[in-house]
Amino acid sequence: PRLANQIAAGEVVERPASVVKELLENSLDAGARRVDIEVENGGIKLIRIRDNGTGIAQDDLPLALSRHATSKIDTLDDLEAVATLGFRGEALASISSVSRLSLTSRPRANGSNVSAEDAAPLIQQEASAEGAWKVEAEGRDMDAKVSPAAHPEGATVEVRDLFFNTPARRKFLRTEKTEFGHLEEVVKRQALSRFEVGFSLRHNQRTIHSLRPAASMQDKERRIAALCGSQFMENSVVIDVDASGLKLWGWVALPTFSRSQADLQYFFVNGRVIRDRLVAHAVKQAYRDVLYHGRHSAFVLYLELDPANVDVNVHPTKHEVRFRDGRLVHDFIFRSLHKALADVRP
Ligand code: ADP
Ligand code: MG
């Protein structure tokens with residue numbers, strides 16, 4: 001709470017995709033290795049996300065739904081080097097204020113915040129032996145109630161009837177198909193940045209994506225193909241450059257790649273997807289320079305650098321970054337791509 005005013009207010013919940021984004025980030029922050037996403041009616045009727053992360057202790061459940069409660073920052077200094085994706089402590093509160101939300105969890109057995117002294121009353125002991133609890137909130141100004149539940153280690157967040165109490169915002173929702181498209185894009189970005197995590201996405205009981213954790217390069221390429229199409233995989237060149245504290249790797253499409261779909265341009269900085277003018281310029285320039293005039297570039301690229309040299313907290317939507325040495329980053333990206341593309345020039 002003491003940090004509440006110092007943290008820029010995040011954007012509000014806009015559509016099902018924004019809910020999924022926040023929930024996915026929470027699951028990943030909790031160290032989940034597997035995340036299963038189930039949605040109905042483009043996410044408007046139901047979004048259910050189950051993970052096998054650390055889970056949440058019983059006492060912390062109501063807290064998780066309260067505004068500006070975050071377990072992720074202790075001091076203002078932490079803001080400087082924020083490593084986790086979420087840090088504003090208001091996502092669950094915002095979402096629960098415009099939906100029917102439940103959060104069910106059993107903390108991991110080796111979790112440190114379960115105290116043995118908090119022996120539960122007898123009546124709760126059986127459920128407590130199960131160790132799973134559920135908290136529910138419905139719309140604004142509701143007290144979150146905690147009740148016993150059954151759940152494996154990890155957490156499940158269920159969001160039903162988004163905007164049921166805010167007709168004005170509900171009106172801004174598009175068709176089920178469009179909303180699902182946005183939502184799928186959010187899942188895609190996470191799946192592209194967290195290869196070590198298994199993901200599944202189901203829409204209206206249909207499996208859309210089922211992605212096993214990918215360790216080897218081959219597994220990663222399989223995942224890229226599943227998410228971006230095998231056309232892209234077959235018509236791209238691998239980038240892998242490591243120099244002066246910067247690492248750039250990924251795939252860049254060759255001119256033989258023709259695509260009918262929309263933008264296929266993903267750039268991740270330390271695992272976070274970004275849209276940045278400096279980066280876009282470097283990529284575009286390299287692409288243009290090596291004979292691909294007039295072609296739109298397509299790429300899935302990963303830049304890794306010391307977190308101290310990049311500020312990811314520029315904007316609450318967190319798509320923008322500021323590099324400490326923008327010139328260096330720009331030139332590094334440009335040169336790396338330029339060389340890789342020139343090497344395969346026919
Ligand atoms: P923030 O992520 O910014 O801390 P949120 O409102 O998104 O704020 O979440 C509030 C808190 O709830 C988190 O700090 C975390 O402690 C807990 N939490 C939320 N989702 C999960 C999850 N899937 N697993 C474990 N803990 C969670
Ligand atoms: Mg969060």
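Taken together, the values in this text are just the output of simple stated rules run on the coordinates, not laboratory data. Keep in mind that what you see is a predicted model, and the values were worked out from it rather than measured. For neighbour counting, all protein chains shown are included, and Cβ atoms are generated from backbone atoms with ideal geometry for every residue, glycine included.
So the label point goes 7 Å from the Cα of Ala280 along Cα→C-beta, right? Which residues of the range 179-194 then have their backbone N under 20 Å from it? Only 182, 185-186, 189-190 pass the distance filter. When the pairs Lys177/Lys247; Lys45/Lys145; Lys134/Lys177; Lys21/Lys134; Lys21/Lys177; Lys145/Lys188 are compared against a 27 Å limit on Cα-Cα distance, Lys177/Lys247; Lys134/Lys177; Lys145/Lys188 fall above it. Suppose the Debye formula is applied to equal point scatterers at every Cα of the range 229-343; what is log10 I(q)/I(0) at q = 0.19 Å⁻¹? Log10 I(q)/I(0), no solvent term: -0.99. Summing Lys and Arg as +1 and Asp and Glu as -1 over all other residues whose Cβ lies under 13 Å from the Cβ of Asp343 gives a net charge of +2.
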